[in-house]
Ligand SMILES: Cc1cc2nc3c(=O)[nH]c(=O)nc-3n(C[C@H](O)[C@H](O)[C@H](O)COP(=O)(O)OP(=O)(O)OC[C@H]3O[C@@H](n4cnc5c(N)ncnc54)[C@H](O)[C@@H]3O)c2cc1C
Ligand code: SF4
Ligand code: SF4
Ligand code: SF4
Ligand code: SF4
């Protein structure tokens, strides 16, 4: 006969304010198998845990139900206490009276009744619990960092500096991300390249960092500590070892008119190119789509002139598999295309540009050498209008959330413009100015007070072209919504920050969840901001939500610490909540009939085939077997098995049915 | 934390989950009546209606114009950011006494004083119904629909701005013409309008040439829908009376 | 080919030439226009402004009659009627309470308003048969024009079917189809003042003059419209407009069906060109032949 103890927590007022906790404890005493039931103000406190431990010892309990908050919160706490009192930790269960009951219902008899039901379920379950032993698995102490923007760079450096090797995989030909394109950065106006390039170089030189640019993750298998990453290294069409970065090929390539991605289409590049002078690695790639040789079979000018004979037209993609123990996702963001804005000209108006283009115009290394020139005719604009929240906070045509960085960079842009064009007028149309951050509001005030930027509170309704100028129609909502019409020479849209186009696909490859806008989801918005729901996969930077550089760097270092912490353990302990396939003595061996429906159903490829042979080596039977390292305990196989040969430890069919039958 | 990472857990943050959460935040409560748990038929999903029933509105709010707009026009003035984009694009804003976005502001406060200002404004009569505003509003606030309701409310409460008399007269003359002849008979309609407003000589410039060009006929247009349309108007009026005893 | 036809009040009065040109073009293209029997007025903006119920009931009655006459589609050239018919249908289809109310006003049995005919504007309709039109072009419309769409054809985008709300191109495509050239301009969908034609002529003057200004500045030889209200504001109110223009202008305003009619070689009379206030005088061919093809 079972000896179960029930401990009902008040959680201060959180539970006791809505649920009659004393009544729950009283009702529990009447449940078959329960020999002890009490309620207490804070079960998680030291005295609360002592209460539990003492009861286990004194009443010789062989099962414990703590009716309190979510198991995600305190299951480890109570299981540890149970273990200290001398019983197997897996004989301790939690009934969630807070999230599942008191928080979501009003006070009343029905609410208490539901709480009693929740306790009864767990009592039935705990009576059927078996002692389980945690599983130990080895850890591959090497990290994969996906994305070489400032987030990926910082994470890779921090992990490598903690003594662990890193494989940094970047999709484009160079690391650097968006930060490499920025001119100067708020709130200090220091040159972006100047602070970024030393870190890029450090990445390239670091003995523990392997850098794969122009590469992508194809597939990720395995689990925390034991991932297998399949990486495709796209063919650059040059031999990186031979190329010395002289640049002759770029000068001689006859294709000249490819819009330059790094300069946001404000200039052109050849078919063989290094994205920007400070690129890491400083080795070109051939853009196969635009190269004359790949299109017509003729040219090879670069090959003829390359002094080191580094061009390799026949180079193929290489696919490699790497063992890694942790993954940091740092794939960044994109901005909403200007073509999305019907009311601002659908991208047809050349002088309506986005913030990133403005960065390139303002950058000393940009196509204009840092002079502000409008794209249509190269003239210096005398009046520039900046439109904040373009596509952000716009549930009709854009995204409902705030993109967070644009208020600040718009102030920066207006300021830079005023510094560069004397006598030029800068007007910012905004809805709210969001400048919470160290020295941020001061920065915006400086734009207004010292640099004379005019801020008008109102959203712009329309921008159209008239006589070579742009007519901007807005309203000043601080003047009773008086219509304002400005004739501007250039309009800069602070376009919304969005998740990368391939974010969803990538999330699915890594089994991490994502929000409705395809930003990767953190495991807990407050307490686990750099972890994902998949153990061993961490987040850094703007792939999780719009972020500026200081936040990105802080988060990247946070993710690196998580990785280093994981790697500091000798082995990993995993919960033994896994599936097991029935085993019996011969001649049956197992109730499994070898249909392997489970194998195709398992999302983690954890089901293997076990061949049972007799002494002569004749095959007697082929049955399923679960790899305890891979199984995540999702239970999919259990529900597909026709002969009920698979069961889930800790959540057996018997337990689940008992739970259901008791209410 | 203590749980293994499973596929089922991914549903915690499945794409539709935060939506529900937003809704809860917006309506100011995340409590669900316990009835939802016990009643089988209600199931697990929360429909907006059910939500509304457990959201306690103050009694004054229930009778506000804002509440009425939500009820009959599905226009929620609380959605408005007061960003002014509607006003900025409104072709009639220059003529208006209260900017379109400010009309919504007047309703947002739910104070009778402000509501009166909205109902007595000229703006509700100057709105052309061009739908420019709602085509661009980031929050999809259906301002033209709000204007429709405000106009009708203003007429019902008899507080319409006197300066809009001619516009009201035009609309009435037009509808009158339809009621009588099933179609619009310009000559009769314009005559009716002029009688209602006393603008006897307005448009005199255009009228003669309109006759010459064969654009305005002196006789009502044909069509046998006359009586039928008259009956439709009568039924609509009767229904309206019934609904407001 | 047979299609339902709802001319609406304006086309029997102030915009007679629109009706004439639609019918002539249809005849030339061998399309049989089946007028909705005993149709009534759609209610236009006045109903929409002050009587919500009738603003849905009147169009519903038109569509019900069309349905009873066995018409699956109703061509509605007037943009205002088109908008009212489409909106009415939308309200009935999306709001059961409104549908019930309208059924009571119409005095028709429940269910009568199911599957109402599809409402087509003239641009949509012609865009369905580009080959038929192209095959019948006898004299290319070799002029550069500004296509003006106005409000009611394109808004609200949730109900109408134009995909580029702020910069529609469907009418431009039709003009190009018959050999014309169109300008890329900024006022394609800005409001002209619409129903304020009579009660607030000054508003119309201010708004329409901006439209005229942009079109003339970009050297359009004519403005092409598909809405009787736009037409009368830009044509009939030209004196009011010109008073506000830097340079008064006499560029004509044509209905899209008149443009197509001209290309099909129909006579000015049959297209009602003489009924305009601003005389339709288009400069001699301005396009070199190769540009057209
Ligand atoms: C116009 C503008 C101005 C700004 N100005 C400032 C400023 O002044 N100060 C400031 O603090 N912040 C500023 N920011 C914000 C700043 O750009 C971001 O905070 C920062 O770039 C985020 O870094 P990240 O590494 O997370 O993302 P990113 O910079 O986007 O880097 C992501 C990297 O991942 C790579 N990648 C993407 N997908 C994959 C994949 N599937 N596999 C491998 N690699 C992949 C990309 O190629 C890229 O290199 C500005 C932003 C904008 C839009
Ligand atoms: S082969 Fe291609 S990359 Fe090389 S020079 Fe010719 S076009 Fe340029
Ligand atoms: S940061 Fe500022 S500009 Fe950007 S979306 Fe938020 S409020 Fe708008
Ligand atoms: S555009 Fe929309 S959100 Fe902005 S003020 Fe107008 S109604 Fe409000
Ligand atoms: S519908 Fe009315 S309020 Fe909206 S833009 Fe047009 S005239 Fe202005």
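Worth a mention:
- Three-way shape label, region A:132-205, alpha-carbon gyration tensor, a/c 1.5: prolate
- Value of relative contact order over region C:164-293, rounded to a whole percent, pairs C-alpha under 8 Å and six or more apart: 25
- Cα shape, region A:477-609, gyration tensor, a/c 1.5 rule: prolate
- Helix C:52-68 axis, angle to chain C major axis (alpha carbon atoms, nearest 10°): 90
- Kirkwood-Stokes translational diffusion coefficient of chain A, alpha-carbon pairs, 20 °C, 1.002 mPa s, µm²/s: 73
- When Rg and Dmax are taken over the Cα atoms of region C:9-70, they come to 13.8, 41 Å.
- FRET efficiency, 1/(1 + (r/R0)^6) with R0 30 Å, evaluated for residue C:69 and residue B:234 via beta carbons: 0.75
- Tail beyond 15 Å, pair distance distribution of region B:60-160 (Cα, percent): 56
- Which of A:179, C:245 has the fewest Cβ neighbours within 10 Å, and the rest in rising order: C:245, A:179
- From least to most packed, judged by other beta carbons within 10 angstrom and beginning with the fewest, C:183, C:56 follow the order C:183, C:56.
- Annotation: the antiparallel percentage among DSSP beta bridges lying fully within the protein assembly as shown is about 45.
- Per-residue Cβ neighbour rank within 10 angstrom, fewest leading, A:600, A:183: A:600, A:183
- Compared with the dominant principal axis of the Cα atoms in chain C, helix C:16-28 is inclined by about 90°.
- Rounded Å value of the spacing that divides the Cα centres of region A:363-393 and region A:513-576: 36
- Anisotropy class of region A:334-498 from Cα gyration tensor, a/c 1.5 cut: rounded
- Alpha-carbon centroid distance for the pair region A:274-337 / region C:73-134, whole angstrom: 56
- Whole-number D in µm²/s for chain C (Stokes-Einstein; Kirkwood sum over Cα pairs; 4 °C, 1.567 mPa s): 67
- Ranked by the mean number of other Cβ atoms within 10 Å of their residues, highest first, the peptides B:72-82, A:312-322 fall in the order B:72-82, A:312-322.
- Cα Rg, Dmax (largest Cα-Cα span) when computed across the protein assembly as shown, Å: 36.5, 116
- The angle separating the long axis of helix A:150-161 from the principal Cα axis of greatest extent in chain A is about 60 degrees.
- Working from Cα pairs under 8 Å separated by at least six residues, relative contact order for chain A is 12 percent.
- Bridges between two residues of chain A, per DSSP, are antiparallel at a rate of about 55%.
- Take every Cα pair under 8 Å whose residues are at least 6 apart in sequence, average their separation, divide by the length of chain C, and the relative contact order is 21 percent.
No value in this document is a laboratory result; all are computed from the given coordinates. Just so you know, these numbers come straight off a predicted model, no measurement behind them. Note that each Cβ is placed from the backbone with ideal geometry, even for glycine, and that neighbours are counted across all protein chains shown.
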